[in-house]
1. So what does log10 I(q)/I(0) come out to for the range 202-293 at q = 0.10, 0.15, 0.19, 0.25 Å⁻¹, using the Debye formula with one equal point on every Cα and no solvent?
2. Under 5 Å between amide hydrogens, which residues at least 5 positions from G216 or on another chain qualify, with H placed 1.01 Å from N in the peptide plane?
3. Mind checking the log10 I(q)/I(0) for the range 65-224 at q = 0.12, 0.13, 0.18 Å⁻¹? Debye, one equal scatterer per Cα, no solvent, two decimals.
4. So what J values fall out for the range 224-239 if you push phi through Karplus, 6.51 cos²θ - 1.76 cosθ + 1.60 with θ = phi - 60°, rounded to Hz, Gly and Pro as x?
5. When Rg is the radius of gyration of the Cα atoms in the chain and Rh is its Kirkwood radius, what does Rg/Rh come to?
6. Taking amide hydrogens as modeled 1.01 Å from N in the peptide plane, which residues meet the under 5 Å criterion relative to V37, leaving out close sequence neighbours?
7. Hey, got the dipole for the range 195-324? About the Cα centre, +1 on K and R Cβ, -1 on D and E Cβ, debye to the nearest 20?
8. What residues have an amide H closer than 5 Å to that of G317, excluding those fewer than 5 places away on the same chain, when H is modeled at 1.01 Å from N in the peptide plane?
Amino acid sequence: MMKAVVYNRLGGPEVLEYIERPAPVVAPGQVLVRVSVAGVNFMDVGVRQGMAWNEMPFPRGIGVEGAGRVVEVGEGVGGFAPGDRVAWVYAPGSYAGMAAIPADALVHLPDSTDDRTAAAIMMQGLTASHFATDFYPVQPGEVALVHAAAGGVGLLLTQIIKHRGGRVIGRVSSAGKVAAAREAGADEVIVDADGDFAQEVLRLTGGEGVHVVYDGSGPATFQGSLDSLRRCGTFCWYGPVLGGPEHLNIMSLPKSIKLGYGVYRDHIATPALLRQRAAQLFDWVRDGVLKVRIGAEYPLADAAQAHIAIAGRASIGKLLLIPA
């Protein structure tokens with residue numbers, strides 16, 4: 001038996017239940033892992049509300065990311081053995097004491113990376129890496145606007161952009177988040193909770209605008225992000241939970257900008273790419289290029305409290321769940 005967080009209906013954080021249930025049976029192609037740390041992501045809120053996984057029967061597990069140690073290896077799996085330290089991304093049901101995870105979703109952990117760091121960097125680190133190296137490869141001297149610059153993705157994205165020689169204008173929702181954004185390397189930080197930031201961006205760039213905007217803040221910031229771009233700039237829109245603009249007339253897009261929807265899974269389209277990209281993240285952490293900020297840790301039983309914190313945009317950095 002093990003402890004797990006499940007939900008039996010769609011709704012708010014109150015639908016999350018902490019229960020005891022049998023440990024999963026490992027199937028061919030899977031690896032049974034004892035979870036030491038599970039990552040909390042904004043997509044978990046959307047899943048709980050019914051934005052995905054609706055084909056799954058209730059009760060549904062939740063969570064997709066974590067780190068732990070291999071217990072058992074299923075038929076047909078090579079490269080993993082009991083006792084191996086591993087991390088993963090996109091394995092539904094990761095808010096649990098044990099999880100049966102497709103081997104293709106797993107990466108080995110180097111000794112230099114502890115479990116908490118690994119669980120904190122998989123989804124958000126791969127997302128940030130995709131945005132700044134594949135979706136729009138930031139070049140030295142280019143200027144980026146990073147929304148939610150004190151959040152998990154924003155802090156990592158800022159550091160990767162700075163590592164590549166870019167300049168970062170960070171936007172945060174409250175003054176209490178400014179220090180975190182600056183510590184990550186943001187050159188300027190705009191405090192704005194209402195989507196009224198474009199004029200300040202233009203002032204900071206001498207009226208030119210930024211080369212790229214990374215915006216996962218929902219419809220309220222869409223127009224401001226458009227207005228913040230320079231001619232032929234690039235708009236990276238991400239994060240489905242808050243939704244997008246209801247109607248978009250492509251002929252209304254200004255300044256010959258390029259607009260796209262960034263999805264981290266395109267960065268790791270094969271197991272080989274997943275392991276290559278993850279190894280780069282672990283190397284960056286080891287070498288001090290990336291500093292992973294863990295905002296809070298909660299017992300697995302308090303998953304609902306973690307959801308309240310992340311949905312309320314009150315958190316700074318990554319939120320983690322620790323199974324008993």
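The values are calculated or read from the model by the stated rules, or taken from the named source; none is laboratory data. Everything numeric in this text was worked out from a predicted model, so none of it was measured. All Cβ positions, glycine included, derive from the backbone under ideal geometry; neighbour counts span all protein chains shown. Calculation scope for accessible area: heavy atoms of the full protein, side chains included, ligands and nucleic acids excluded. Shrake-Rupley method; radii C 1.70, N 1.55, O 1.52, S 1.80 Å.
1. The Debye formula, applied to the Cα set alone, gives -0.38, -0.77, -0.97, -1.16.
2. Placed amide hydrogens put H147, Y238 under 5 Å from G216.
3. Cα-only, vacuum Debye calculation for the range 65-224: -0.61, -0.69, -1.01.
4. So the Karplus estimates, Gly and Pro as x, are x, 5, 4, 5, 7, 7, 8, 4, 6, x, 10, 10, 9, 9, 8, x Hz.
5. Across the chain, the Cα-based Rg/Rh ratio is 0.98.
6. Long-range HN contacts for V37: A67.
7. The calculation lands at about 360 debye.
8. G151, G152
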